[in-house]
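Q: Attaching a single structure in structure tokens format; questions to follow.
The values are calculated or read from the model by the stated rules, or taken from the named source; none is laboratory data. These figures come from a predicted structure and were not determined experimentally. Every residue, glycine as well, gets a Cβ built from its backbone with ideal geometry; the counts of neighbours run over all protein chains shown.
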Amino acid sequence: MHYLSVDQAQTIRWLVRDCGQQAKQLAAEQFQVFEKGKDDYVTSVDRLLDQRLSEAFRAMFPQDGLVTEENSASRQVFHDGHRRLWCIDPIDGTDDFIHGRLYYSVMVGLLEGSQPTAGWIYAPTLDRLYYGGLGWGVFQAGGDRLPEAITPIEPPLSESNCPMLIGDKDRRQFGDAIQRAVPAAQFRTLGSFGLKVMEVVSGRAGLYLYLNRRVKLWDTVGPLALAQAAGLICCDLDGQPIGFTADCLDPETLAHHQTILVGWPHYLEALRSPIRQAVLAQS
């Protein structure tokens, strides 16, 4: 953990959890919902937490860059060449938050030299924090309990057991084709991108598929840092590593050009090619 002091790491853990607890409290009250674009919504709670997290990280790391989901002006900071870039998603899974479902999260990720190196994902309704990074490990903390290391265990893959995560949009478009290519596929979904990744890290699924190329920098940096720290593979349908350089992202929205697969090595070795063929045939 050469990139953070112990005090900084503790402060970030406290801050992310406290913001999540604030979101949970505000979810029970009246909040405003605004439409940003087609099927894309933001709430007054997103904006409040975006401002709070931004102010805190600017104070802690004044020399670093900062990109947040709800501050569109901050996207230019990605192109400014900072060695370290903090990426903040105040509520990942806003649709779940709006509709009172469980699986939304507060996420922070650290990008260094175009590589995800650390991440924090807090699920308020579960009161569970995941965090860690490269050369550090992956940890979880529930409530006020002391953190404990996650020991990732690859789930077995067989003709009758193939647990996967896939979002609702991707399942509607590609689910039937993937099921034909991989008959043992057992699909599940959760709201938050980060929490879906953590289902794979925790060994409750072997693979997460994200195929519609709408996911953005603040969605991916933290979760993929944790996935790589746990020994998972993060690649696209062609097997290429997920890129975080300017040529791999939309210059205005910072959406990834690549499809994203996060999975255990055995799963990707066995399934990437048939899934790729199924998706291409359906596209």
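Q: Among the residues of region 139-151, which ones are closer than 17 Å to residue 105 by Cα and either in contact with a Ser or Thr (Cβ under 9 Å, 6 or more places away or on another chain) or in contact (Cβ under 8 Å) with a residue 24 or more places away in the chain (or both)?
A: Initially, region 139-151 is screened for residues closer than 17 Å to residue 105 by Cα, giving 139-143.
The answer is 140, 141.
Q: Another question about this same structure. Quick check on region 151-169: of everything there that is charged (D, E, K, R) and part of a loop (DSSP other than H, G, I, E, B), which residue is nearest to the chain's Cα centre (by Cα)? Working first, answer last.
A: Narrowing region 151-169 to residues charged (D, E, K, R): 154, 159, 168-169.
Then drop every residue that is not part of a loop (DSSP other than H, G, I, E, B), which leaves 154, 159.
Numbers: 154: 19, 159: 29 Å.
By that ranking, first place goes to 154.
Q: If you don't mind, another one. Looking only at region 201-214, which residues are in a loop (DSSP other than H, G, I, E, B) and crowded, with 19+ Cβ neighbours inside 10 Å? Steps first, please.
A: Going residue by residue through region 201-214, those that are in a loop (DSSP other than H, G, I, E, B) are 202-206, 211-214.
Hits for region 201-214 are 205, 206, 211.
Q: Another question about this same structure. Return the residue satisfying two criteria in turn: it lies in region 163-189 and is of a type in the set (A, V, I, L, M, F, W, C) and closer than 17 Å to residue 233 by Cα, and of such residues it is surrounded by the fewest Cβ atoms within 10 Å (Cβ to Cβ).
A: The initial filter retains those residues of region 163-189 that are of a type in the set (A, V, I, L, M, F, W, C), namely 164-166, 174, 177-178, 181-182, 184-185, 187.
Retained after the next criterion (residues that are closer than 17 Å to residue 233 by Cα): 164-166.
Working: 164: 25, 165: 26, 166: 23.
Filtering region 163-189 for residues that are of a type in the set (A, V, I, L, M, F, W, C) and closer than 17 Å to residue 233 by Cα, the one surrounded by the fewest Cβ atoms within 10 Å (Cβ to Cβ) comes out as 166.
Q: Six or more apart or on different chains, Cβ under 6 Å: which pairs go from a residue in region 93-104 that's in contact (Cβ under 8 Å) with a residue 40 or more places away in the chain to one that's assigned to a helix (DSSP H, G or I) and surrounded by 19 or more Cβ atoms within 10 Å (Cβ to Cβ)? Could you list them?
A: Hits for this filter: 103/96; 103/195; 104/96; 104/97.
Q: Return the only residue of 246, 205 being in the same structural domain as residue 273 (by TED's automatic domain parsing) and within 17 Å of residue 114 (Cβ to Cβ). Outline the logic, then answer.
A: On the way: 205 fails: within 17 Å of residue 114 (Cβ to Cβ).
Every option except 246 fails the conditions.
Q: A follow-up question, please. Take the residues of region 56-88 that are touching a Ser or Thr at 6+ places or on another chain (Cβ under 6 Å) and among the polar types (S, T, N, Q): which is surrounded by the fewest Cβ atoms within 10 Å (Cβ to Cβ)?
A: 74
Q: Could you grab the pairs with beta carbons closer than 7 Å, sequence gap of 6+ or different chains, first residue in region 1-21 and over 21 Å from residue 116 (Cα atoms), second one among the polar types (S, T, N, Q) and assigned to a helix (DSSP H, G or I)?
A: Cβ pairs passing all conditions: none.
Q: All but one of (1) closer than 16 Å to residue 229 by Cα; (2) in contact with a strand residue (DSSP E or B) (Cβ under 6 Å, 6 or more places away or on another chain) hold for residue 115; which doesn't?
A: Going through the list (1) closer than 16 Å to residue 229 by Cα; (2) in contact with a strand residue (DSSP E or B) (Cβ under 6 Å, 6 or more places away or on another chain), residue 115 breaks only (2).
Q: Would you be able to tell me the number of residues in region 28-55 that are surrounded by fewer than 18 Cβ atoms within 10 Å (Cβ to Cβ) and either within 24 Å of residue 226 (Cβ to Cβ) or in contact with a helix residue (DSSP H, G or I) (Cβ under 7 Å, 6 or more places away or on another chain) (or both)?
A: Number satisfying all stated conditions: 5.
Q: Of the residues in region 137-149, how many are at pLDDT below 95 and surrounded by 13 or more Cβ atoms within 10 Å (Cβ to Cβ)?
A: Step one: of region 137-149, the residues at pLDDT below 95 are 137, 142-147.
When the remaining residues are screened for being surrounded by 13 or more Cβ atoms within 10 Å (Cβ to Cβ), the result is 137, 142, 147.
The number of residues fulfilling the criteria is 3.
Let's see how each residue does on (1) without any contact (Cβ under 8 Å) to a residue 60 or more places away in the chain; (2) in contact with a Cys (Cβ under 6 Å, 6 or more places away or on another chain); (3) under 23 Å from residue 66 (Cβ atoms); (4) not in a loop (DSSP other than H, G, I, E, B):
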{"residue": "218", "(1), (2), (3), (4)": "no, yes, yes, yes"}
{"residue": "224", "(1), (2), (3), (4)": "no, yes, yes, yes"}
{"residue": "244", "(1), (2), (3), (4)": "no, no, yes, no"}
{"residue": "247", "(1), (2), (3), (4)": "yes, no, yes, yes"}
{"residue": "251", "(1), (2), (3), (4)": "no, no, yes, no"}
{"residue": "258", "(1), (2), (3), (4)": "yes, no, no, no"}
{"residue": "277", "(1), (2), (3), (4)": "no, no, no, yes"}
{"residue": "280", "(1), (2), (3), (4)": "yes, no, no, yes"}
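Q: Restricting attention to region 190-200, does a residue exist that is more than 16 Å from the chain's Cα centre (by Cα) and either surrounded by fewer than 17 Cβ atoms within 10 Å (Cβ to Cβ) or of a type in the set (Asp, Glu) (or both)? Spell out how you get there, then give the answer.
A: First pass over region 190-200, keeping only residues more than 16 Å from the chain's Cα centre (by Cα): none.
Within region 190-200, not a single residue is more than 16 Å from the chain's Cα centre (by Cα) and either surrounded by fewer than 17 Cβ atoms within 10 Å (Cβ to Cβ) or of a type in the set (Asp, Glu) (or both).
Q: Another question, then. Among the numbered criteria (1) outside the structural domain of residue 96 (by TED's automatic domain parsing); (2) closer than 17 Å to residue 20 by Cβ; (3) assigned to a loop (DSSP other than H, G, I, E, B), which single criterion is violated by residue 198?
A: It is condition (3) that residue 198 fails.
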